Each structure stands twice: as C-alpha cells, then as structure tokens.
Amino acid sequence: MRNFLFLICILSGTVAYAQQDSATAAGDAAAGGEQQETAAADDAASGGGEKFPGIPTDQASISAGQELFEGNCKTCHNIHTKLVGPALANVYERVPGEGEESIEWLHNFIYNSQKVIASGDPYAEQLWEEYKPTVMTSFPFEKEQVKNILAYIQQETINGPEEKTTVVDPQDPNAAQQTGISSTYMSVILGVLIFVLVLILVVLILIVNILVKYLKDKEDLDEADREVIEQKFSFKDLATNKVFLAIITAIFIAVVAKTAIDALYTVGIQQGYQPTQPIAFSHALHAGEYEIDCNYCHTGVRKSKNANIPSANICMNCHSVVKTESPEIQKIYAAVEENKPIEWIRIHNLPDLAYFNHEQHVEVGEIECQTCHGPIEEMEVVYQYAPLTMGWCINCHRETAVNAGGNDYYNKLVELHNQETDEPMTVEDIGGLECSKCHY
C-alpha cells in the first residue's frame, strides 16, 4: 500500500512539474494594447482642415494618388510622422503660394528639389538646412499626377492618424505573449493549482496513516493482513516491483519513441532558422518604423518567380546620404567599390523538387508577405516563421479563397462552383492540390 502511495506521489509531482514547465514555456503574456503614434512635426499638424482649392476630391484621383505615393514617396515620407523626410500632412498649406501656385511649387520641387533650393527660395532653403545632406530624389511626375498625390495626402490629413492595434496571429508561436492575460494573473492561477494538488496529497497521506493506525489497533486481524499493514517502505522493494518497472519501462519507451518521431518530422524543416547576416539589416526599422514597402527592395516579388535579394545600389538610393558614417553602411560602400556582391545568407529555401512563384501568389492571389514570412516588420533579425512543409502549403490551398473579382478567367469556374455549393471557391477547387502544380 505504501509503495502504491509513493508511486501516486511521484506521478502527481510529475504532473505539477509539467504544469509549471508549460507555464514557463508560454512566457509572460504581454498586455495587448494600442501602439502610440509618433507625434507629427509642428510644421505638419495632422487632422482637420478644409478641402484645398485645386486638389481633386474624386475617389479615382485619390486611388491613383495612393498608388503613386506608396510606390514612390512612402520610402522616405509618411503623412503624419517624420521619416527620412518631413511629414506631408497639410503640405499644400505650408509651401509658398496659394491654390494653384502652391501646387506648382510642389510640382517643381518634386521634379528637381536642388534647382528650387539653388534659386534662393526661402522655404526650400529651410527644408535643406533641416534635412541636409539628404537629397530628395527627383520624380518626373506630370502636374496631374502631383495633384493626385496631393488628393491622397489631403484625404489622409483630414482622416487623421490611424490608430494601430495589436492583432494576434493564431499561427504565431509567440502569440501567447501578445494576449491580454498578465503574467502575474497566470502565476497566481498556477500557484493555486499547485497548492491544491499538494494539499490533496497531504490529505491522502493523512487518511492512509489514520487507516493504518486504526487497523493496527484491531486485534482480530489475521496474519496476512497484519503483515501488509506493518510492512515498511523500501526503495529496494520498489525497484524490484514488476508493476513499477513495467510503468517506468513503458514511459521510457513512449518518451524515446515520441522524441524519435518528432526528430523525423523535423528533417528538412528549418522553422526558426535565424542566421547572422554579413550586414546587420533591421526589417523592424525599415519595414516597421519607416514603413518602406517590401516591393521597393524586393523588386521581383510582383513580376517574377523570385522576390530577389536587393542589390547594393538599392541600398545606396538612401544610404548615399543617410547614416554614411555607420560601420554597417561602410560594408555596403566596400561591396560597391570592390564590385563584389554582398553575401547574404538565404533563410527561406524550398527544396528543388518544389516550385513556388511569387508573382502568382502576391500579384494574382494578393497574398500578403506576412502570410508566409510572418511579422517581418517586427523582426530585427529575420527568421523563418512558417514551416514551409508540403502539409502547410496544402492546408493553405484548402483554406484560401480564390480572388476571382475582376478576373474573367475565373468567371466560368465561379459559375460552375456556385451551382454546387454556397461556400467560397478555394484554391483546392481549381486544382490547387494536384501534384503537377508544385512538382514537375
């Protein structure tokens, strides 16, 4: 009986340890909340204001302006916060002139900022003194294109800064750290559970001792029962107990088998792979804080099978004048001067037997970069976020609805699909699970 009780204690203690270990692995749950927007500069006050004369207000112009802004301006400018250049909220009200004169000034400055500065324009010189030696890239925009950009800026100025909220990705292995449960609350719950478990064990031990003492005082017990009651605990007896040895052996075999199976499943999988790159490039700074669009550096992502690794000349678009004294930027200069490529270490690497096309997924399927690459805008050092296994890709094809809007190629397929079901048409429904789609 005492050997049995000792075994219960061992198993209970194991459960308590497992609960505590799980809590440790979950990490401290950080309270989700709003990220504070950086205050705009005094000369770029955001929000409010009336429509500026000469700037179009129709949705077509605003949409065209947004496309131009995100493809050309967003690298250095934000609407409500300073980046490489000034915030652009109300920019049409800050420059010299009124109405069409202001728009003409902006058109000339965008076309050739250095020419406007050299002309002695006071406001242009003021901007140069504040932001030099950064030289604004010249853009040969037509005046109507500049008006479209201003239409988008005006809309965003009136709307004011967008509030940012934390969105927890259920597939993110660190999602537990982004929930609203505080670490203190979790610790209290686990502490109470462990205390209750220990209390139950203590009560069981007391009950067994009382029962043993009661039975010992009885005089009508036969010798066999008395021998069981008076037996003393012995580690030697426990170690030679067949039931105990069978349980320990079964647990050992199960652990070894589980470890071996897990190891086999991870063959060829590099999820979490995070090598040290030859140059310390921060996606959190560039894609996160400065909100530089992924397409600016990875130029092939919308028109090629490969997203491509940026060449040094793309880095030099900004770093010919920005942080030129940085030791990391000096490595880029050395690569350019020596005409040698920067030896970046590839992180996301599919096997040769699998075909993947970025253009097909990003341009046609409109899949966001974060779907496969995770919260890239938060990574100081990039790591492989998703497992990129065959099962992971197949599951995505089963769950992802086809974006058939405005694409006549899918009209007949959508019509036939809707005759069979009300569920949205997924990639699986158009042959996305066929072997030849990815293996040929």
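Does residue 276 count as among the polar types (S, T, N, Q) and closer than 30 Å to residue 75 by Cβ?
So residue 276 fits the description; yes.
Mind counting the residues in region 288-297 that are part of a helix (DSSP H, G or I) and more than 14 Å from residue 314 (Cβ to Cβ)?
Total satisfying the criteria: 2.
Within the bounds of region 361-377, is there any residue that is without any contact (Cβ under 8 Å) to a residue 24 or more places away in the chain and farther than 28 Å from residue 287 by Cβ?
No: region 361-377 contains no residue that is without any contact (Cβ under 8 Å) to a residue 24 or more places away in the chain and farther than 28 Å from residue 287 by Cβ.
For region 306-321, check the following and say yes or no: at least one residue is in contact with a Phe, Trp or Tyr (Cβ under 8 Å, 6 or more places away or on another chain) and not assigned by TED's automatic domain parsing to the domain that holds residue 76.
yes
For a quick check of your reading of the model, give me the residue pairs whose first member lies in region 190-209 and is free of Cβ contacts under 8 Å to residues at least 24 places away in the same chain, whose second is surrounded by 13 or more Cβ atoms within 10 Å (Cβ to Cβ) and hydrophobic (A, V, I, L, M, F, W, C), with beta-carbon atoms closer than 6 Å and at least 6 apart or on different chains.
As it stands, the answer is none, since no pair meets every condition given.
Tally the residues that are outside any loop (DSSP other than H, G, I, E, B) and either under 36 Å from the mean Cα position of the chain (by Cα) or not acidic (Asp, Glu) (or both), restricting the search to region 59-117.
Count: 32.
Test residue 418 against the criterion of being free of Cβ contacts under 8 Å to residues at least 12 places away in the same chain and more than 26 Å from residue 277 (Cα to Cα), and give yes or no.
Against the criterion (free of Cβ contacts under 8 Å to residues at least 12 places away in the same chain and more than 26 Å from residue 277 (Cα to Cα)), residue 418 qualifies.
Could you tell me whether region 219-234 includes any residue that is among the aromatic types (Phe, Trp, Tyr) and either assigned to a helix (DSSP H, G or I) or free of Cβ contacts under 8 Å to residues at least 24 places away in the same chain (or both)?
The answer is no, given that none of the residues of region 219-234 is among the aromatic types (Phe, Trp, Tyr) and either assigned to a helix (DSSP H, G or I) or free of Cβ contacts under 8 Å to residues at least 24 places away in the same chain (or both).
Within region 93-140, which residues are loosely packed, with under 14 Cβ neighbours inside 10 Å and of a type in the set (Gly, Ala, Ser)?
Of everything in region 93-140, those that are loosely packed, with under 14 Cβ neighbours inside 10 Å and of a type in the set (Gly, Ala, Ser) turn out to be 97, 99, 118, 119, 120, 138.
Is there a residue in region 309-330 that is under 22 Å from the mean Cα position of the chain (by Cα) and surrounded by fewer than 13 Cβ atoms within 10 Å (Cβ to Cβ)?
Scanning region 309-330, I find no residue that is under 22 Å from the mean Cα position of the chain (by Cα) and surrounded by fewer than 13 Cβ atoms within 10 Å (Cβ to Cβ), so the answer is no.
Given the options 386, 404, name the one that is in a loop (DSSP other than H, G, I, E, B), closer than 30 Å to residue 289 by Cα and aliphatic (A, V, I, L, M).
It is 386.
Go through the residues of region 292-308 one by one and say whether even a single one is closer than 14 Å to residue 75 by Cβ, in contact with a His (Cβ under 7 Å, 6 or more places away or on another chain) and in contact (Cβ under 8 Å) with a residue 24 or more places away in the chain.
Yes - at least one qualifying residue is present in region 292-308.
What are the residues in region 285-308 that are surrounded by 18 or more Cβ atoms within 10 Å (Cβ to Cβ) and within 21 Å of residue 364 (Cβ to Cβ), if any?
294, 296, 298, 301, 307, listed by residue number.
From 250, 246, which residue is out of contact with any Leu (no Cβ under 7 Å at 6 or more places or on another chain), exposed (fewer than 12 other Cβ atoms within 10 Å of the Cβ) and at pLDDT 95 or above?
From the options 250, 246, the qualifying one is 250.
The values are calculated or read from the model by the stated rules, or taken from the named source; none is laboratory data. These figures come from a predicted structure and were not determined experimentally. All Cβ positions, glycine included, derive from the backbone under ideal geometry; neighbour counts span all protein chains shown.
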